[in-house]
Amino acid sequence: MLLSSRARRRHRFAIQSTDYLLRLPRTEDFEEWRTLRTRSRAFLQPWEPVWSAADMTRRGFRKRIARVNLEFETGSGIQLFIFRRNPDRLVGGITIGLIRRGVAQNCMLGYWMGEEYAGKGHMFAALQLVIRYIFEELRLHRIEAACIPTNMRSASLLQKAGFTQEGYLHKYLRINGEWQDHHLFALLKDDYDRKGN
């Protein structure tokens, strides 16, 4: 099958290290993704929007990939799957979303981790790769992330990665069926550089 130049670019795009590969999701990832998400449902549910039954179908996954590809092509977002290497295994996902240029030069991070892989350093490693990519390749000035105040694991992860808590967002996102307050965290390029990254 011949791929268009845009499809080849998407297929080649990756942020990687010796131990991790972060890339755009592909149709062939469906079974591994569905298995991981299904096994982790109760673990993820308190921190995510409600998923419908259709979201977990092959058709729903194809629609998701179409949105991911459109965001990548327009430069508005980059949704990545996180694979742990040796052996290659999907462990979670991370999104560089709401990319804004012009006077803003910022983005919003979101992420999820399969329950069996949580608390083992995988997300911290992925964050390090993504932060470097955002500042050095995308050349953005500011990265934001928000988490529910009771999500201490996420807040700790962000602080460990160099983020500073900046504010409180009242009923910011509809999570698990309810509008939830969030803490806003941010990391600036200047602060990142100052720490010798």
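The values are calculated or read from the model by the stated rules, or taken from the named source; none is laboratory data. These numbers were taken from a predicted model, which means no experiment stands behind them. Quick reminder, even Gly has a Cβ in these numbers, built from the backbone with ideal geometry, and neighbours come from all protein chains shown. Quick note on the areas: whole protein, heavy atoms, side chains included, nothing else; ligands and nucleic acids left out. Shrake-Rupley method; radii C 1.70, N 1.55, O 1.52, S 1.80 Å.
Numbers below:
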read-out: Enumeration of residues in region 1-21 that are assigned to a helix (DSSP H, G or I), without any contact (Cβ under 8 Å) to a residue 60 or more places away in the chain and not hydrophobic (A, V, I, L, M, F, W, C); value: SER5, ARG8, ARG9, HIS11, ARG12
read-out: Any hit, region 114-124, residues being in contact (Cβ under 8 Å) with a residue 24 or more places away in the chain, open to solvent by less than 20 Å² (accessible area, probe 1.4 Å) and under 25 Å from LEU70 (Cβ atoms); value: no
read-out: Any hit, region 153-160, residues being in contact with a strand residue (DSSP E or B) (Cβ under 8 Å, 6 or more places away or on another chain), closer than 22 Å to PRO25 by Cα and surrounded by 12 or more Cβ atoms within 10 Å (Cβ to Cβ); value: no
